[in-house]
Amino acid sequence: MTIKNTTGPYKITVLGGAGFAGSCLVTKLDQAGYQVKVLSRRRETAKHLILLPNVQVVTCDISDNHALKDALKGSDAVINLVGILHEDGKNGFENIHHQLPRRVTQLCDELGIARLIHMSALQASKNAPSAYLKSKAAGEAAVNEFSKKLDITIFKPSVIFGRGDSFINMFANLVKYLPVIALAKPDAKFQPIWVEDVAQCFVNALENTTTYGESYELGGPQIVTLKQLVEKVMHILGKQRPIIGLNDTLSMLQAFMLELMPIKLMTRDNIRSMQVDSITAQPIAAELGVVPTALDVVVPEYLLNTSPRASYDAFRSAAGRAINARR
Ligand SMILES: NC(=O)c1ccc[n+]([C@@H]2O[C@H](COP(=O)([O-])OP(=O)(O)OC[C@H]3O[C@@H](n4cnc5c(N)ncnc54)[C@H](OP(=O)(O)O)[C@@H]3O)[C@@H](O)[C@H]2O)c1
């Protein structure tokens, strides 16, 4: 691709670049020849990116505005992917999804960084049923306050799938280890989008001026209910389990009990998010130049570990490293 900046390499700072979607995006930006700085709380989490030739990983406490400002200095563009699904102490939705984007946008303005891409979520709205979706909407609104001064693009994907995802892999683990699946919100609809497609949308939008000032919903080519999704996972894994669909009251009760566990699989807020279908009329806008890939094409490859690189997972596992380590 041609990088338009003529005054040196185009420098992009990515917040949340070491996460699931971020790792895929950073890899693509690196391949496209951009100079990428990844901000992470722990360098260890980003070690899979360190060897990429155009990527620099910087440890940064982004809750500290001075540290964040220093880290953003000199960037041509900033991409913010930081997000959480479950609140945890001071890492609440308000802080992470609303105040952080507000601070990032303000700092971009102060530092003269014109280009900002922000990650929100499909169905984010101030009237949404969940705190997660409401906070994502508050973040969008905070970012958009600068829409006259900065070149901002917002992405709002449905659930994202791909190697290392938490959504499909969580159901795969349940199917592997449980004899019966008690499924909350079985009729909730999703339009899962492949992580590589999401990342490509970001890369294609980066210097495409038609995307400036726009907000894009992103979805894959298939709409599925949660029950259909779990059935697909069972089919791929070759395991048949009875699925007991829970009504709304039992879904909330199950989530309440899961909230008491040390590892959060599902919360009542997640259930509330599923009260609105995570689907979109236009999966990917034409100007983003991405044809979405179907779930059925990609999921078997990583659930069954049939790709050539999957053979390395056995070695990683033997070496005590997580098989689903982000790449
Ligand atoms: N995955 C999906 O299905 C999906 C769907 C719709 C929207 N989204 C949005 O897409 C974005 C990326 O999602 P993802 O699935 O890639 O998430 P992820 O793997 O959990 O990564 C999120 C990143 O956010 C950073 N982060 C989390 N909590 C933080 C905190 N308290 N302080 C500083 N940094 C923090 C982490 O950075 P470090 O650990 O490196 O510091 C991490 O790399 C999020 O905004 C998410 O809401 C995701």
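For a Förster distance of 41 Å, can you work out the FRET efficiency between the beta-carbons of residue 291 and residue 235, rounded to the nearest 0.05?
Numbers: r = 25 Å, r/R0 = 0.60.
Calculated value: 0.95.
HN-Hα J couplings of segment 250-264 from phi, Karplus 6.51/-1.76/1.60, θ = phi - 60°, integer Hz, Gly and Pro as x?
5, 4, 5, 5, 4, 5, 4, 5, 5, 5, 7, 7, x, 9, 7
Counting other beta carbons within 10 Å of each residue's own, what order do 66, 118, 98 fall into, fewest first?
Ascending number of Cβ neighbours within 10 Å: 66, 98, 118.
Sorted by mean Cβ packing within 10 Å, highest first, what order do the peptides 294-303, 133-142 take?
Listed from highest to lowest mean packing, they are 133-142, 294-303.
Can you list the aspartates and glutamates whose alpha carbon sits under 16 Å from that of residue 176, skipping same-chain ones fewer than 8 residues off?
Qualifying aspartates and glutamates at Cα under 16 Å: 231.
Averaging sequence separations of C-alpha pairs under 8 Å and six or more residues apart, then dividing by the length of segment 31-70, give the relative contact order as a whole percent.
Answer for segment 31-70 is 40 percent.
Check the straight Cα-Cα distances from residue 134 and name the aspartates and glutamates below 12 Å, setting aside those fewer than 8 residues away within the same chain.
Qualifying aspartates and glutamates at Cα under 12 Å: 94, 269.
So in segment 141-284, what percent of DSSP beta bridges are antiparallel if you round to the nearest 5?
Counting only bridges with both partners in segment 141-284, antiparallel ones make up about 15 percent.
Once amide H atoms are built 1.01 Å from N in the peptide plane, which residues 5 or more positions from residue 37, or in another chain, come under 5 Å H to H?
Amide H neighbours of residue 37: 12, 13, 14, 56.
If you average the sequence gap of Cα pairs under 8 Å that are 6 or more apart and divide by the length of the chain, what percent do you get for the contact order?
Values: 611 pairs, mean separation 56.5, N = 327.
Dividing the mean separation by the residue count of the chain yields 17 percent.
Looking at the chain, send over the antiparallel percent of its DSSP beta bridges, to the nearest 5.
Counting DSSP beta bridges with both partners in the chain, the antiparallel share is about 10 percent.
When you take every Cα atom in the chain, what is the radius of gyration, and what is Dmax, the widest Cα pair distance, in Å?
Answer for the chain, Rg first and Dmax second: 19.6, 61 Å.
Take the residue pairs 11/90; 37/69; 73/126 and return only those whose Cα atoms are more than 21 Å apart.
11/90; 73/126
How much of the DSSP beta bridge set in segment 62-192 is antiparallel, as a percent to the nearest 5? Present the calculation step by step, with values, prior to reporting the outcome.
Values: 1 of 10 bridges.
Given both bridge residues lie in segment 62-192, the antiparallel proportion sits at roughly 10 percent.
Between residue 253 and residue 94, what length in nm is gained on full extension when 0.36 nm per residue of separation is reduced by their alpha carbon distance?
54.7 nm
Each value in this text was obtained by applying a stated rule to the coordinates, not by laboratory testing. As the structure is a prediction and not an experimental result, all values here were calculated from the model. Note: ideal-geometry Cβ built from the backbone for every residue, glycine included; neighbour counts use all protein chains shown.
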